[in-house]
């Protein structure tokens with residue numbers, strides 16, 4: 001009898017949360033978005049691309065900024081642009097492939113700035129080489145920057161969030177963390193790991209009743225930041241390379257609404273659904289037709 005009641009309760013809650021999700025999806029962030037003014041945001045990979053754009057958007061929301069990047073000069077440029085808005089900004093040169101460097105920088109942030117309310121794991125690298133052409137060192141660095149850095153930053157700042165039951169962790173993965181891509185074995189593996197890490201972390205927080213600590217997983221398609229320069233889609237009018245500004249806006253909107261998962265563009269939801277029920281041979285044929293299996297053949301990446 002108890003099993004029947006528990007099953008009915010579970011089904012009712014599933015229906016309720018499903019309907020709630022549909023309802024909330026039609027309410028804009030300007031209406032239901034949370035107020036984060038005065039909170040401290042730490043962004044990794046803030047020197048350029050999405051990281052720099054997110055820093056500016058968080059500054060517009062009235063947040064204090066802590067910017068991490070291995071490129072000290074470019075990171076200072078980001079800070080200089082933001083300080084014009086009258087926002088408090090601190091910069092740190094951090095090698096995100098180095099666990100000790102991350103923990104040392106975290107200690108400095110806690111001492112010099114205080115608690116971190118919002119953590120944005122944005123930093124990432126891509127080798128763009130076929131699996132057997134990618135050196136062991138590059139594979140390790142890809143995993144260290146794209147995955148392990150998430151573990152270390154979250155381990156450093158999550159305890160105080162949990163203690164206060166207040167905080168938000170944004171983990172930026174990729175559409176390459178949802179489906180394998182020819183020529184991106186190391187990158188895809190790292191982004192698949194981020195997807196699993198974020199989902200497990202959120203379920204752990206839910207199980208502990210930490211409803212005030214949220215996570216948001218971001219999986220964008222190729223973004224025109226220079227990271228994937230040279231990549232060519234067969235049908236760019238179907239899945240065009242995303243503009244950095246629209247990705248940054250999408251991330252901020254999802255964050256303000258405590259959205260747990262966001263795929264950009266929304267067409268990715270359809271492709272992910274296809275992957276769920278198609279045989280793998282069919283999936284390969286579709287990827288081949290769409291040009292996903294050859295888009296890395298012309299990869300150049302950032303030149304500086």
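Read the figures in this text as sums done on the coordinates, not as results from a lab. Given the structure is predicted, the values throughout are model-derived calculations rather than measurements. Don't worry about glycine lacking a Cβ; one is built from the backbone with ideal geometry, like all the others, and counts go over all protein chains shown.
For the range 27-66, the residues whose backbone nitrogen is under 17 Å from a point 7 Å from the Cα of residue 258, taken along Cα to Cβ, are 27-37. Here the relative contact order of the chain, from alpha carbon pairs under 8 Å that lie six or more residues apart, stands at 16 percent.
Work out the FRET efficiency for residue 132 and residue 21 from their Cβ-Cβ distance, taking R0 = 25 Å, and round it to the nearest 0.05. FRET efficiency, residue 132 to residue 21: 0.05. Counting other Cβ atoms within 10 Å as a rough exposure proxy, the listed residues 152, 237 run 237, 152 from fewest neighbours to most.
Listing 103, 255, 192 from fewest to most neighbouring C-beta atoms within 10 Å gives 103, 192, 255. Reported to the nearest whole Å, the Cα centre-to-centre distance from the range 180-217 to the range 1-61 is 15.
Counting other Cβ atoms within 10 Å as a rough exposure proxy, the listed residues 153, 160, 216 run 160, 216, 153 from fewest neighbours to most. Taking the helices alone, the chain has a mean residue ellipticity at 222 nm of -15500 deg cm²/dmol, built from -39,500 (n - 2.57) per DSSP H run of at least 4 residues and averaged over all its residues. With contacts taken as Cα pairs under 8 Å at a separation of at least 6 residues, the range 126-234 carries a relative contact order of 34 percent.
Figure legend: label point modelled 7 angstrom from the Cα of residue 88 along Cα→Cβ; residues of the range 35-65 with amide N under 20 Å from it are 35-44, 55-65. When peptides 107-120, 273-286 are ranked by their average number of other Cβ atoms within 10 Å per residue, the highest-first order is 107-120, 273-286. Here the ratio of the Cα radius of gyration of the range 35-298 to 2.2 N^0.38 Å is 0.99. So, in Å, what gap is there between the alpha-carbon centers of the range 225-275 and the range 90-165? Between the Cα centres of the range 225-275 and the range 90-165 lies a distance of 23 Å. Peptide packing: for 256-266, 67-77, the average count of neighbouring Cβ atoms within 10 Å per residue gives the ranking 67-77, 256-266, highest mean first.
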